[in-house]
Amino acid sequence: MLLNGRRVVNVGIEANSSVDLNMIPLALIERGEVPKDGASAIYGADAVAGVINSITKTVLKGGKASVRYGETSRGDGNETAVDLSWGFQAACGSVVSVINYSESGIVNMVSYAPCRLTEVNAAQACTGSSSAIGGCALLANGQRIRFFDLPGAGGRHCAATCV
């Protein structure tokens, strides 16, 4: 990943080591480029799969505002974003400034990810899934906890009921 032709440093450790594209406000991007030459020869082994170069705006006269809203086809996971950008140019240079606000809604995994059904006390029960309402988790110390989907309920200990 390049920003104005310069390599962006990865954040994270090992497998989570990747460039966070959320650090660049969308209103600041002028265009994107994908060089077709041998990027790995120039940028090293990290660029074997290719390179993306994000070019930012260097000149902006006046102001600009944009608002975006979207949600999933199930009506959840709503996303809202507001971008305000302004700038001016003088004989000695230019100034470009951007303010971005974004908010993402909740996507309840219960409605998307199925859980494993198991017989518990002669009845079918959703077990072993942290994506289920009241799902279980096994902590490093061997303790099992159940998560409740009720506001303020928190993770209650219920080792007897976690399967």
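Does VAL67 satisfy the condition of being free of Cβ contacts under 8 Å to residues at least 24 places away in the same chain, surrounded by fewer than 13 Cβ atoms within 10 Å (Cβ to Cβ) and either within 14 Å of PRO25 (Cβ to Cβ) or outside the structural domain of ARG6 (by TED's automatic domain parsing) (or both)?
Taking the combined requirement at face value, the residue satisfies it.
Check ILE24, ILE13, ILE52, ILE29 and return the single one that is outside the structural domain of GLY93 (by TED's automatic domain parsing), farther than 30 Å from GLY87 by Cα and either at pLDDT 85 or above or of a type in the set (Val, Ile, Thr) (or both). It would help to see each step written out before you state the result.
Values: ILE24 fails: farther than 30 Å from GLY87 by Cα; ILE52 fails: farther than 30 Å from GLY87 by Cα; ILE29 fails: farther than 30 Å from GLY87 by Cα.
One residue alone meets the criteria, ILE13.
For region 21-97, give me every one of the strands (runs of 3 or more DSSP E) that falls completely inside it and has 2 or more residues that are touching a Leu at 6+ places or on another chain (Cβ under 9 Å). Lay out the reasoning, then the answer.
On the way: elements: 29-33, 53-56, 62-70, 79-90.
Where strands (runs of 3 or more DSSP E) fall fully within region 21-97 and carry at least 2 residues being touching a Leu at 6+ places or on another chain (Cβ under 9 Å), they are 53-56, 62-70, 79-90.
Can you go through SER73, SER85 and tell me which one is outside the structural domain of LEU3 (by TED's automatic domain parsing), at negative phi and touching a helix residue (DSSP H, G or I) at 6+ places or on another chain (Cβ under 9 Å)? If you could, list the steps in order and put the result at the bottom.
Numbers: SER73 fails: touching a helix residue (DSSP H, G or I) at 6+ places or on another chain (Cβ under 9 Å).
Testing whether each residue is outside the structural domain of LEU3 (by TED's automatic domain parsing), at negative phi and touching a helix residue (DSSP H, G or I) at 6+ places or on another chain (Cβ under 9 Å) leaves just SER85.
The values are calculated or read from the model by the stated rules, or taken from the named source; none is laboratory data. Please read all numbers here as calculations on a predicted model, not as lab measurements. FYI the Cβ positions are ideal-geometry reconstructions off the backbone, even for glycines, and counts take in every protein chain you see.
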